[in-house]
1. In the range 33-45, what residues are part of a loop (DSSP other than H, G, I, E, B) and closer than 21 Å to Glu89 by Cα?
2. I'd like to know if the range 52-64 contains one or more residues that are of a type outside the set (Phe, Trp, Tyr) and touching a helix residue (DSSP H, G or I) at 6+ places or on another chain (Cβ under 6 Å).
3. What is the number of the single condition among (1) touching a residue at least 40 places away in the same chain (Cβ under 8 Å); (2) of a type in the set (Ser, Thr, Tyr); (3) touching a Lys or Arg at 6+ places or on another chain (Cβ under 8 Å) that Thr43 does not meet?
4. Name the residues in the range 1-19 that are surrounded by 16 or more Cβ atoms within 10 Å (Cβ to Cβ) and in contact with a helix residue (DSSP H, G or I) (Cβ under 9 Å, 6 or more places away or on another chain), would you?
5. Could you list, in sequence order, all residues of the range 46-72 that are in a helix (DSSP H, G or I), in contact (Cβ under 8 Å) with a residue 40 or more places away in the chain and either at positive phi or open to solvent by 50 Å² or more (accessible area, probe 1.4 Å) (or both)?
6. If Tyr22 satisfies every condition in (1) of a type outside the set (Gly, Ala, Ser); (2) outside any strand (DSSP E or B); (3) open to solvent by 60 Å² or more (accessible area, probe 1.4 Å) but one, which is the exception?
Amino acid sequence: MFARVTHVQAKPGKLDEVVALYQESVIPLLEQQDGFHSTFLLTDPASGKGMSITLWNSEAARLAGDSNGFLLQQVMKVVPLLAAPPIPEGYVALVAT
């Protein structure tokens, strides 16, 4: 399993909009991507911080979103709601249950 973790910092009062956008726009498109497994959006309402975790069946599937513009398209939707640029990182899941 391969993961992309994207850290975000919402502008004050905008975290609910970030969550709604992720649920209504990003998740349906993620589900259409080859090799997509699942996603989580974790938030801290007190600080406005959040992280998106997407899980992929292969590293190639995770990287495809980088090269085909999918990741950039999704990030651009949420950028107006953020206080700082999102920070995406890639990981390999070595242990899963």
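The values are calculated or read from the model by the stated rules, or taken from the named source; none is laboratory data. These numbers were taken from a predicted model, which means no experiment stands behind them. Cβ: placed from backbone, ideal geometry, glycine included. Neighbour counts: every protein chain shown. Note: accessible area is taken over every heavy atom of the protein model, side chains too, but ligands, DNA and RNA are not part of it. Shrake-Rupley method; radii C 1.70, N 1.55, O 1.52, S 1.80 Å.
1. First pass over the range 33-45, keeping only residues part of a loop (DSSP other than H, G, I, E, B): 33-35, 45.
Gln33, Asp34, Gly35 - these are the residues of the range 33-45 that are part of a loop (DSSP other than H, G, I, E, B) and closer than 21 Å to Glu89 by Cα.
2. Here is the first cut: in the range 52-64, the ones of a type outside the set (Phe, Trp, Tyr) are 52-55, 57-64.
Retained after the next criterion (residues that are touching a helix residue (DSSP H, G or I) at 6+ places or on another chain (Cβ under 6 Å)): none.
No, the range 52-64 contains no residue that is of a type outside the set (Phe, Trp, Tyr) and touching a helix residue (DSSP H, G or I) at 6+ places or on another chain (Cβ under 6 Å).
3. It is condition (1) that Thr43 fails.
4. Phe2, Ala3, Arg4, Thr6, Val8, Ala10, Lys14, Leu15, Val18
5. So the first thing to find is which residues in the range 46-72 are in a helix (DSSP H, G or I), and the list is 59-67, 70-72.
Among the residues that remain, those that are also in contact (Cβ under 8 Å) with a residue 40 or more places away in the chain are: 59, 61-62, 65, 70-71.
If the condition is that a residue be in a helix (DSSP H, G or I), in contact (Cβ under 8 Å) with a residue 40 or more places away in the chain and either at positive phi or open to solvent by 50 Å² or more (accessible area, probe 1.4 Å) (or both), then Glu59 is the only one that fits.
6. Condition (3) is where Tyr22 drops out.
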